[in-house]
Each structure stands twice: as structure tokens, then as C-alpha cells.
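Here the structure comes first, spelled out in C-alpha cells, and everything after it is commentary.
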Amino acid sequence: MDPLVFFIVLASLYGVLYFFDRFFKSCMHYPYDAFLKNTGLSINFMSLHWHTSAFNRSLLRWGSAGNSCTRRVMITSFNVGVLVTFSLLPIGLILLIATIFSSGEQDSSSSVSSPVGVPVQLEILLPGVNLPLEEIGYYITTLVLCLVVHEMGHALAAVMEDVPVTGFGIKFIFCLPLAYTELSHDHLNSLRWFRKLRVLCAGIWHNFVFAGVCYLLISTVGITMSPLYAYNQHVVVTELTRKSPLRGERGLQVDNQITQVNGCPVNSEESWVTCLQNSLKLKPGYCVSADFVQLNDESSAISHHSIDGQLQCCDELNPNVSCFEVVEDANGDVPVELPQHVCLNVRRTLEEVTEHCSSGVCNEGFCLRPLIRNITAIMTFKRQNFRGEKLPPVIYVGHPWDVTRTVEVSAFVPRYSLLKAAWPDAWLLLLKYNVVFSIGLALINAIPCFGFDGAHITSTVIHSFLVGRVDQHAKRDIISLIITSVGSLLFALALLKVAWLSFLRPLL
């Protein structure tokens, strides 16, 4: 779905829900109020709130099920979660400080291409700003999954510590989801400090574990998808933009499997990009028979230089022909039966090619290299269909960037005609989003900041370890407030810095 259409439809749905909510509350107050109470729904302007206690008994059964060995494993897991949470705290603070005091001149493209020496910084991920707006569905789905996993961690740990779970809730503010777990604060505060930390750190730990599981699925995607897809053998065309120069009857088609580009084998998305780049850098030659050259040579009577200095031996008004140079072999010999430069039809010549050459040596025929501009390359795409039958090659003269920009490919080649190559790509993209968002959510929650788990963790640590030195409870509250305020200030400054660099400064 187009992103603009998505936002319009979402806003319209909110408007309809809000209108009927006001209408039923005024005309059918008691039945509608009973409906809202039974379902846990609450509708406000551009927001939707759902609260339930339906999962309380299920959580209680999960927490009490199993033998003592299972319980020990879960307790050990939550103990590890406490250690991981405290190890994430300095990492999160270092990232905040690095983000605040960095120069901000490093752009995103250079940070991706040269990771060595580039400082790691925080970044606000916003659809339409630094994330493709077309991926808004992945964005919302990932946020919901990460939040649910986070809150389930708190709930499971609370059940293990005999803390009653009174309910769960999810709130959507337009398209931003928020989740929470309701616990009995009296029971939680009555726990000893380490048992309380297990509950408070469980959400961060579950996000960390969830990121690890998603990363494991990404690393083994070729194995898990192997019954349905062949991975990294060839690439398959999944989409051609409307303005792609390779569209048409003689061009690439969706579901075409590309095996070679100018003789360069294509077996992955990385090799696809490499082969396209090499087509511009290497300028390969083509082995063509002397008989074909003599029969199809359209050379002008007088060779001349065009305006840009490129040697021409063809009619410049004819876009179908190009000047070819006969390449000397390793011994410096030039075939006497051919002139130094010949003018040939590009498509007919490439269809006649027996092999590619680089040093002027051909097993059959002679090596010809096209004389074209440095920003132009001749690309021959060898392809096959779903059944492995070879299709006529596609020939394109232009810049490789036109291909990478307008042709989407996938390394997942379906084994069955009913499958689509875009499906595992969507699954892989969702897993990558979950890894990034889960780690980010874990780091942010470890920081002592108002509204996050770090504030409650800081308060628990302060009240547990400073009891002997600071007797008054109010003074310990003040110490906890100061630490949390400093963390909140650092977080706010980092957000302002990133917001300024990401989308506010470019608008000015």
C-alpha cells in the first residue's frame, strides 16, 4: 500500500471510530458502556487503548507449570538478565554522550561504507525521514512485537516471584504503539532487592534474547528456507519500476532468473551489484568471427572525433550502432583481414558473441571492444525461467546505476511456481527490523530515565545499597531523582541533537 494512502486510511478509521464512539455514548450510553467495559476498549481522538486481564490465568499456569528444574533454569535466566542489564547501562550512557558531543558532520552513506573509525551514535528511526515510508508496516509490526516481548518478560518474571499480574494493555497513538504490564506494586516492593531486580530487568533481558533469536534466524535463513527456496544460486527479478529502461517485451520480466552479467556469474545480491559495477570499470571485449564483421561493417568513409573527443567510425544519428576497436593479442599482433575500427550493430554483434575477452585472445574469432563513453556500459543479462530453460539474453546500453535503481532482485529463487521471491525478503527485512529495534529498546530502557525501566532499577539499587549510609528514605529518593534527572537530561539532549541533524536542520 502506498504510504500516503495508508496514513489517509488510518486517519479515516480513527475519525469513524471516534465519531461512532461519541454517537453511541450519547444515544446508547449504558449498553455501549457495558461493551467497552467487557472488551477493555477505550477510544479517544487519534488514539486507541485496549486493556485486558484475560491472560492472567494463562501466565499463572505458565509460571507454575513444569518441575523444579524448569523453574531453576528460568530463575538462572532472569539472573543473567540482571547482569546483562547492568552491562548495558554504561554502553547506553557512552552512546548518549558520544551522540551529544559528536560533530555530526558524518553522513549516513559514509558511515555505512567505511565502518572503521566511524563513531557509533544513536539515531531516531522515523518512516519517511531516514526510513523508507513504504516500510511503515514493518515499522509498526516490529514495535508491537518488541513491546509485547518486553512486557511478557516482566509478566513472566513477576509470576516466578509470586507478584500478581493484574492486566496488560496496548495503546496506539495514531500509528505509534505503546504497551504496559500492570503489577501489584505492594507485592513488588515487598520483594528483596535482587528478586525485585529480576522483575524490573526481565523486559530488557527478553528484548536482548529476542534480538539474538532474530539474528540467529537471519544467519540461518538459507538453511531454514532451503525446502522452498534455492538461496544464493542466482538472483530473481522481483520488481521493475514503471520508468525502468529494462521494461518491455525484449527486456527483463518479473520472475526472470539472472545467471550472468557480461559473463560475470551472478549467484547472490552482492555478486549482482559487483558484476554491474565491473561492467562499467572493466569494459570487456567480445569474441566475434571475421566473417560476421566483414558482412555487417557499417563504417563511415572517414573516421572522426565527436564533440566529446570520443573516436567515431559510425553515423552518430544511428543509435543502434557503435564503433568497435580490434584489440591486439598478447604479442601485439593485429589481424590483417580486419581494420583497426569497425562499425557494427550492437544487438546483432552481442548476439553473435561466442565468449568475452580481456587480453585480445579468443579461441574463435577476434576480440572487439566497443568505444563508448566512460559513463556508459554495454550489459548483457543472461537469464532463465522457473524451469531452468534459457531465455534470450537482454542487452542494455547505459549506466549500471539505472539498473540497480529500477530493478529489484532477490537471492531467494522459488522451487515451486506458487511461491514468490518477495516473501522471504519481507521475512528477512522484518527480522532485521526486530534486531535493531530490540537492541535499541534494551539500551534505552537500561538508562536511568523517567518513564523507562532504568528509573525503577536505579531507585531499587539506591534504596538497597545506601540503607546503611543514608538512613532517611526521602534523602535516598532525592539521590535517585538526581541520577534519573541526569540520565533524562542526557537522553533529551541526545534526542534534540539527533532530531536537529536528521530532519530539522535540512528543513531550514
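Counting only protein heavy atoms and using a 1.4 Å probe, the accessible area of Leu280 comes to about 40 Å². Scalar couplings 3J(HN,Hα) for the stretch 220-235, obtained by applying the Karplus form with A = 6.51, B = -1.76, C = 1.60 to θ = phi - 60°, are 10, 5, x, 7, 5, 8, 4, x, 10, 9, 8, 9, 6, 10, 9, 10 Hz; x denotes Gly and Pro. Rounded to two decimals, the Cα radius of gyration of the stretch 1-45 over 2.2 N^0.38 Å is 1.40. Of Lys37, Lys432, the residue with the largest accessible area leads and the full order is Lys37, Lys432 (1.4 Å probe).
Check the chain and count each lysine pair with an alpha-carbon distance under 19 angstrom, considering only pairs eight or more places apart or from different chains. Pairs that pass both the separation and distance tests number 4. Computed over the chain, the Cα gyration tensor eigenvalues convert (square root of 5λ each) into semi-axes of 62, 26, 23 Å, ordered from largest to smallest.
For the stretch 247-424, the alpha-carbon coordinates run over 56, 36, 26 Å along the three principal axes, in decreasing order. Per-residue SASA remark: Thr404, around 50 Å² accessible (1.4 Å probe; ligands, DNA and RNA not included). In the chain, helices alone account for a calculated mean residue ellipticity at 222 nm of -16000 deg cm²/dmol, with every DSSP H run of four or more residues adding -39,500 (n - 2.57). Near Val235, the amide H atoms lying under 5 Å from its own belong to Ile258; only residues 5 or more places off or on other chains count, and H is placed 1.01 Å from N.
Distances between placed amide hydrogens fall under 5 Å for Gln312 paired with His304, His305, Ser306, all partners being 5 or more residues away or on another chain.
Taking only protein heavy atoms and a 1.4 Å probe, the accessible area of the chain is 62% carbon and sulfur.
Where q = 0.12, 0.13 Å⁻¹, what log10 of I(q)/I(0) comes from the Debye formula for the stretch 360-445, counting one point per Cα? Values, matching the q order: -0.69, -0.76. On the beta carbon distance between Ile173 and Asp33, with R0 = 22 Å, the FRET formula returns roughly 0.40. Accessible-area rank, largest first, for Phe6, Phe324, Phe19: Phe19, Phe6, Phe324, with all protein chains present and a 1.4 angstrom probe.
Taking Cα atoms only, the orientation of helix 453-465 departs from the longest principal axis of the chain by about 50 degrees. A simple rule links phi to the HN-Hα coupling: the Karplus curve 6.51 cos²θ - 1.76 cosθ + 1.60 with θ = phi - 60°, which for the stretch 367-373 gives 8, 10, 10, x, 9, 10, 5 Hz, with x for Gly and Pro. With respect to the chain, whose longest principal axis is taken over its alpha-carbon atoms, helix 193-219 is tilted by about 20°.
3J(HN,Hα) couplings calculated from phi for the stretch 314-319 with the Karplus curve 6.51 cos²θ - 1.76 cosθ + 1.60 (θ = phi - 60°) are, in sequence order, 10, 6, 5, 7, 9, x Hz; Gly and Pro show x. Measure nothing fancy, just the Cα-based angle from helix 3-27's long axis to the longest principal axis of the chain, in degrees from 0 to 90, nearest 10. With both axes taken from Cα atoms, the answer is about 30 degrees. By the Cβ-Cβ criterion of under 4.7 Å, the unpaired cysteines of the chain are Cys27, Cys69, Cys146, Cys175, Cys201, Cys214, Cys449.
Note on surface exposure: Thr259, Thr224 rank Thr224, Thr259 by accessible area, highest first, 1.4 Å probe. With the simple model of a label 7 Å out from the Cα in the direction of the Cβ, Arg71 to Gln340 spans 9.2 nm.
The values are calculated or read from the model by the stated rules, or taken from the named source; none is laboratory data. None of the values given here were measured: they were computed from a predicted structure. A quick note on method: Cβ atoms are made from the backbone with ideal geometry, for glycine too, and the neighbour counts reach across all protein chains shown. Ligands, DNA and RNA are stripped out before the accessible areas are found, and what is left, the full protein with its side chains, is counted by its heavy atoms. Shrake-Rupley method; radii C 1.70, N 1.55, O 1.52, S 1.80 Å.
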